[in-house]
Amino acid sequence: MQHNYIATIQWTGNKGTGTDDYRKYERSYEVRVDGKPTISGSSDPAFRGDKSKYNPEDLLVASLSSCHMLWYLHLCAEAGIIVVDYMDNATGIMAETANGGGQFTEVTLNPIVTVKETNMIDKANELHKKANELCFIANSVNFPVRHHPTAKIP
């Protein structure tokens, strides 16, 4: 089965003279998807962006983390593992290349999962491997997506 997604990206950083000077335009943009809130974006501050807005690198790390979480919760529900809280402090490493470009070299997910009962902890930790194998976004990138989960009880 094939699924299609449509997003509109609109540059909002023209300060009146377009890109006539590298230092005079903003890197701001909006991400719009019909029926959903607009996301304000910019480039990373290292590339003259606005630090108060999401950058593509933030969104890639968040996409990997949220895809993993959604698969993980699905697998837990199927396995009878009752998750009562989930938080991930995901990190990504991007290396610039000599030609001015760059690429991610890895993303590490650090989910902290709270399960209802102690006897669920081992299986809860184990299911992260399967979630990583099934995640649509993790399967679409060319770098490792690692995970270092912690499961606990309330």
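The values are calculated or read from the model by the stated rules, or taken from the named source; none is laboratory data. What you see is a predicted model; the values in this text were computed from it and never measured. Neighbour counts run over all protein chains shown; Cβ positions are idealised from the backbone, glycine included.
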Unmet requirement for GLU126, which otherwise passes all of (1) outside any helix (DSSP H, G or I); (2) at pLDDT 95 or above; (3) surrounded by fewer than 17 Cβ atoms within 10 Å (Cβ to Cβ): (1)
Identify, by number, the condition in (1) modelled with pLDDT of 95 or more; (2) aliphatic (A, V, I, L, M); (3) loosely packed, with under 14 Cβ neighbours inside 10 Å that MET69 doesn't meet. (3)
Name the one entry in ILE81, ILE112 that is surrounded by fewer than 15 Cβ atoms within 10 Å (Cβ to Cβ) and either outside the structural domain of ALA62 (by TED's automatic domain parsing) or in contact with a Lys or Arg (Cβ under 8 Å, 6 or more places away or on another chain) (or both). ILE112
When you look at LEU60, is it closer than 27 Å to ILE9 by Cα and aliphatic (A, V, I, L, M), yes or no? yes
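So that you can scan it fast, the table gives a plain yes or no per residue for (1) in contact with an Asp or Glu (Cβ under 7 Å, 6 or more places away or on another chain); (2) surrounded by 12 or more Cβ atoms within 10 Å (Cβ to Cβ); (3) among the basic types (Lys, Arg); (4) modelled with pLDDT under 95:
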| residue | (1), (2), (3), (4) |
| --- | --- |
| VAL61 | no, yes, no, no |
| GLY92 | yes, yes, no, no |
| GLY100 | no, no, no, yes |
| ASN119 | no, no, no, no |
| ILE137 | no, yes, no, no |
The listed residue being of a type outside the set (Phe, Trp, Tyr), over 30 Å from ILE153 (Cβ atoms) and more than 14 Å from the chain's Cα centre (by Cα), out of THR105, THR118: THR105
Number of the condition not met by VAL113 [criteria: (1) in a strand (DSSP E or B); (2) farther than 19 Å from LEU70 by Cα; (3) in contact with a Phe, Trp or Tyr (Cβ under 6 Å, 6 or more places away or on another chain)]: (2)
In contact with a helix residue (DSSP H, G or I) (Cβ under 6 Å, 6 or more places away or on another chain) and not basic (Lys, Arg): which single residue out of ASP34, ASP88, ASP58 fits that description? ASP88
